[in-house]
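Asks: The structure is given below, and queries will be raised subsequently.
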Amino acid sequence: MNKKIFWDITYGVYVVSSVDKNKPVGCIINTAVQLTENKIGICLNHNNYTNSVIKENKNFALTILSEKTNPNIISTFGFTSSKDKNKFEGFEYKLIDNLPVLLNSKGYIALKMVNSIELETHTFFIGEVIDGDVFNEDIPMTYKYYHDVIKGRAPKAAPTYIAPDELNEPIKNGKRFRCKVCGYIYEGNIEKEPPNFVCPVCKQPKSAFEEILYA
């Protein structure tokens, strides 16, 4: 089966957030849908620390990222764990209904959890809308934009994740290197980059890249 067909389902890019005692937590998701006028559903991997926090807190917020959102937000919220660090440090955010919302975004929806369904690898949370606002007229980021423009890859916890070996992407011109952490593809010879070069998506050093050898 060609799993890339899942990438052609329309997705957005969001940060889902909550509060663990007094610490803001959050992670990147791509599955969010308006179910009814005041109900939103999101899907979150069991291994995400934010999953357990939402189950405990019973409230969560959905920050809608835009095409102008700082890429560092994606690298921080997509490829690090809230269990190990405060991801919100260094980014502008505010507490709305005691939920952390990133300001460098399109806007937000605050929700109260009303139900959850356990799937094989994920939890499907259903939330009732308690607040929401639009910050600007920026274009919301789509998953296609994330793949085609930012050249990002899905974290392993994402439902659209495809292992690098399964992609078998052709090498068109010269060398190509893949970040072993986030899957970002570097076109050209990365060895010519300076020692302080980092992955533009997950900020890993040059040593985190491996050359794609198959044709």
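Asks: Count, please, the residues in region 157-202 that happen to be among the basic types (Lys, Arg) and modelled with pLDDT under 80.
Replies: In the first step, residues of region 157-202 are kept if they are among the basic types (Lys, Arg); the result is 172, 175-176, 178, 180, 192.
Narrowing further to those that are modelled with pLDDT under 80: 172, 180.
Qualifying residue count for the region: 2.
Asks: Taking region 104-141 only, how many residues are touching a residue at least 40 places away in the same chain (Cβ under 8 Å) and in a loop (DSSP other than H, G, I, E, B)?
Replies: Qualifying residue count, region 104-141: 8.
Asks: Contact list please: Cβ distance under 6 Å, first residue in region 174-203 and within 25 Å of Ile28 (Cβ to Cβ), second residue of a type in the set (Ser, Thr, Tyr) and buried (at least 18 other Cβ atoms within 10 Å of the Cβ), pairs at least six apart or on different chains.
Replies: Phe177/Tyr186; Cys199/Tyr184; Val201/Ser75; Val201/Tyr184; Cys202/Ser75; Lys203/Ser75
Asks: Could I ask something else about it? With respect to Asn48, is the statement that it is buried (at least 19 other Cβ atoms within 10 Å of the Cβ), on the phi < 0 side of the Ramachandran plot, in the same structural domain as Tyr11 (by TED's automatic domain parsing) and out of contact with any Phe, Trp or Tyr (no Cβ under 6 Å at 6 or more places or on another chain) true? Even if it seems obvious, please write down each step before you answer.
Replies: Values: buried (at least 19 other Cβ atoms within 10 Å of the Cβ): yes; on the phi < 0 side of the Ramachandran plot: yes; in the same structural domain as Tyr11 (by TED's automatic domain parsing): yes; out of contact with any Phe, Trp or Tyr (no Cβ under 6 Å at 6 or more places or on another chain): yes.
Answer is yes for this residue.
Asks: Restricting attention to region 3-40, and to residues there that are without any contact (Cβ under 8 Å) to a residue 40 or more places away in the chain and either hydrophobic (A, V, I, L, M, F, W, C) or outside the structural domain of Ile109 (by TED's automatic domain parsing) (or both), which single residue is farthest from Asn98 (Cα to Cα)?
Replies: Restricting to residues being without any contact (Cβ under 8 Å) to a residue 40 or more places away in the chain and either hydrophobic (A, V, I, L, M, F, W, C) or outside the structural domain of Ile109 (by TED's automatic domain parsing) (or both), the top hit is Ile5.
Asks: If a residue must be more than 23 Å from the chain's Cα centre (by Cα) and either closer than 21 Å to Val13 by Cβ or not in a strand (DSSP E or B) (or both), how many such residues does region 174-206 contain?
Replies: Qualifying residue count, region 174-206: 11.
Asks: Given the residues Phe125, Phe91, Phe77, which is the only one that is within 21 Å of Asn22 (Cα to Cα) and in contact with a helix residue (DSSP H, G or I) (Cβ under 9 Å, 6 or more places away or on another chain)? Please lay out each step first, then the result.
Replies: On the way: Phe125 fails: within 21 Å of Asn22 (Cα to Cα); Phe77 fails: in contact with a helix residue (DSSP H, G or I) (Cβ under 9 Å, 6 or more places away or on another chain).
After applying the criteria, what remains is Phe91.
Asks: Within the set of pairs 6 or more residues apart or between chains, which connect a residue that is part of a loop (DSSP other than H, G, I, E, B) inside region 76-99 to a residue that is of a type in the set (Asp, Glu) and surrounded by 12 or more Cβ atoms within 10 Å (Cβ to Cβ) with Cβ atoms less than 9 Å apart?
Replies: Sorted first by the residue in region 76-99, then by its partner, the pairs are Ser82/Asp20; Lys83/Asp20; Asp97/Asp131.
Asks: Can you find, within region 71-123, the residue that is farthest from the chain's Cα centre (by Cα) among those that are surrounded by 13 or more Cβ atoms within 10 Å (Cβ to Cβ) and small (Gly, Ala, Ser)?
Replies: The residue in question is Ser116.
Asks: If I filter region 9-20 for residues that are in contact with a Lys or Arg (Cβ under 6 Å, 6 or more places away or on another chain), of a type in the set (A, V, I, L, M, F, W, C) and either crowded, with 18+ Cβ neighbours inside 10 Å or at pLDDT below 95 (or both), do I get at least one hit?
Replies: The answer is no, given that none of the residues of region 9-20 is in contact with a Lys or Arg (Cβ under 6 Å, 6 or more places away or on another chain), of a type in the set (A, V, I, L, M, F, W, C) and either crowded, with 18+ Cβ neighbours inside 10 Å or at pLDDT below 95 (or both).
The values are calculated or read from the model by the stated rules, or taken from the named source; none is laboratory data. Keep in mind that this is a model prediction, so the values were computed, not measured. Glycine also receives a Cβ, built like all others from the backbone with ideal geometry; neighbour counts cover every protein chain displayed.
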